[in-house]
Amino acid sequence: MRTKMILLIGLIVCPSMVMAQNKAITHQEGDYNRSQVEQSGQDNHSKVSQVSNATSAAESNVAVVRQNGSANNGLIQQGNLPDMAGHTLRAVVEQSGAESKAVIKQATLQSISNSTARIVQSGTLNKAVIEQSSSVDDHDEGHDDGHDDDHEGGQGGKGGSSHEEDDHDGGHEGASYNTAFISQYGIENSAKIQTGSYGGTADISQDGNSNRATISQGKGQDYMAHISQNGHDNTAAASQGGSSGHLVHIRQAGDNNWSEVAQRGNQLTASVEQDGMGNTALIDQKGAFSTASVGQSGDGNKAVIYSKGGHSTVTALQTGNDNVTRVDRKGGHSAVNVRQIGDANKGVVESNGGHSSISLDQAGQANIARVEHSGGHDFIVIKQDGQDNQAVNEMKGSNLSSTINQYGTMNKALVQQQGSNDVSFVVQHGNHNVSLVKQ
């Protein structure tokens, strides 16, 4: 058993005031524990508790806390008797500024190993929380293995793409090889990471004021989540559950942006890029081997994606202001792409079917495009360039194809298709044109 403690606590007294009421409490029990606390300033608090059972596999733990400023608060807690079983846990808290708070907790129940948690804060009124624990349990709604049933045509059932089963989180009882990192610069930022993933990585970087970020990872394998915020009053959240291999990337630059990503299944990838003010993005993924992405540049844009099924892609790109995109898709081996350039455009896709491709492309102002799709092996394209154009496609069947192109102002097109092996092509140039196709 080897224990090492270094406590450096600043205490400065002058006739007019007392510069320090610092506190440092270190409790170590077990093998190869080490702790180092350095405090300078006023009202700093630090508590390092490394607890392990001598009969369990808890070794080579390291905890470092450095605080420089006033009213800082730091807590590192690694392990919990009697259920502690951890290998090579490390935790670092560095705070510079005023009224910052940092909390790191690793392993509240058995089997967490080779975990790393690091918090860096510079500024005032910042908050950061990292929890790495094998006790995190998703209780996911369902698990999708990404295989197709090929029930296509007509109603499409569940799109012929997914098996909904109980989610068994990959069978890992404990979290291993985890890395968690929080970096904050500014005022009143808040960040929290909770992970129980085997081989998971989570990091949050905040630069600005009043940003909020949360990452929650379940007990699957090889989860990765990255959140970057640059600006003020941004909010981002990522949650991952299921078997393995999820990736989330969220980047926010500007003010008052909001983003949330939820993943349940296997090998899912999601990304959100927000540049501007007041943008909103939501991605909800269930299935396997699928990707979803949102790119927003401008102000007041909104994108909502619900994606369920395997081997599918959903993309929403918005450039301008006050654009709205909503995609709700079920099915496997499908692609949905929505691109909006301009202001106040609206695109809606509701798709229940597999092996299909849907594309909405809008440029200009106040254009509306809507797709209602059920079936399989279908192809839909809507392209609008101008102002106040409206295009609607209602498709139900299999091996159907529809294209609508509109250029000008206040054009309208409605295409309704039922059955199989039909093709429709509509092109309108000018203003106030109306087209109706029924097949």
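The values are calculated or read from the model by the stated rules, or taken from the named source; none is laboratory data. Just so it is clear, the model here is predicted, and its values are computed rather than measured. All Cβ positions, glycine included, derive from the backbone under ideal geometry; neighbour counts span all protein chains shown.
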(message) Out of everything in the range 422-439 that is among the aliphatic types (A, V, I, L, M) and crowded, with 16+ Cβ neighbours inside 10 Å, what residue ends up being nearest to Ala363 (Cα to Cα)?
(response) Val426
(request) Could you list, in sequence order, all residues of the range 109-121 that are part of a loop (DSSP other than H, G, I, E, B) and either surrounded by fewer than 24 Cβ atoms within 10 Å (Cβ to Cβ) or at pLDDT 75 or above (or both)? (result) Leu109, Gln110, Ser111, Asn114
(request) Report the residue count in the range 388-403 for those that are assigned to a strand (DSSP E or B), free of Cβ contacts under 8 Å to residues at least 60 places away in the same chain and either of a type in the set (Ser, Thr, Tyr) or within 21 Å of His355 (Cβ to Cβ) (or both). (result) 6
(request) Test His333 against the stated conditions and say whether it is in contact (Cβ under 8 Å) with a residue 24 or more places away in the chain, farther than 30 Å from Asn234 by Cβ, in contact with a strand residue (DSSP E or B) (Cβ under 6 Å, 6 or more places away or on another chain) and in a strand (DSSP E or B). (result) no
(request) Answer with yes or no whether Ala288 is at pLDDT 95 or above and either charged (D, E, K, R) or farther than 20 Å from Val415 by Cα (or both). (result) yes
(request) Could you list, in sequence order, all residues of the range 383-421 that are surrounded by fewer than 18 Cβ atoms within 10 Å (Cβ to Cβ) and among the acidic types (Asp, Glu)? (result) Asp385, Glu394
(message) With the requirement that a residue be buried (at least 24 other Cβ atoms within 10 Å of the Cβ), over 17 Å from Ala288 (Cβ atoms) and of a type outside the set (Gly, Ala, Ser), what does the range 235-252 give you?
(response) Ile250, Gln252
(request) For the range 352-376, name all the residues that are part of a loop (DSSP other than H, G, I, E, B) and among the aliphatic types (A, V, I, L, M). (result) Ala366
(request) Name the residue, out of Gly354, Gly347, Gly397, that is touching a Leu at 6+ places or on another chain (Cβ under 7 Å) and of a type outside the set (Val, Ile, Thr). (result) Gly347
(request) Taking the options Ser60, Ser70, name whichever one is modelled with pLDDT of 70 or more and in contact with a Phe, Trp or Tyr (Cβ under 6 Å, 6 or more places away or on another chain). (result) Ser60
(request) Would you mind finding the one in Gly241, Gly298 that is at pLDDT below 95, under 25 Å from Ala213 (Cβ atoms) and assigned to a strand (DSSP E or B)? (result) Gly241
(request) Specify which of the listed residues (Glu94, Glu38, Glu29, Glu99) is of a type in the set (Asp, Glu), at pLDDT 65 or above and farther than 29 Å from Gly123 by Cα. (result) Glu29
(message) If the requirement is being over 16 Å from the mean Cα position of the chain (by Cα) and surrounded by fewer than 24 Cβ atoms within 10 Å (Cβ to Cβ), which of these qualifies: Asp255, Asp284?
(response) Asp255
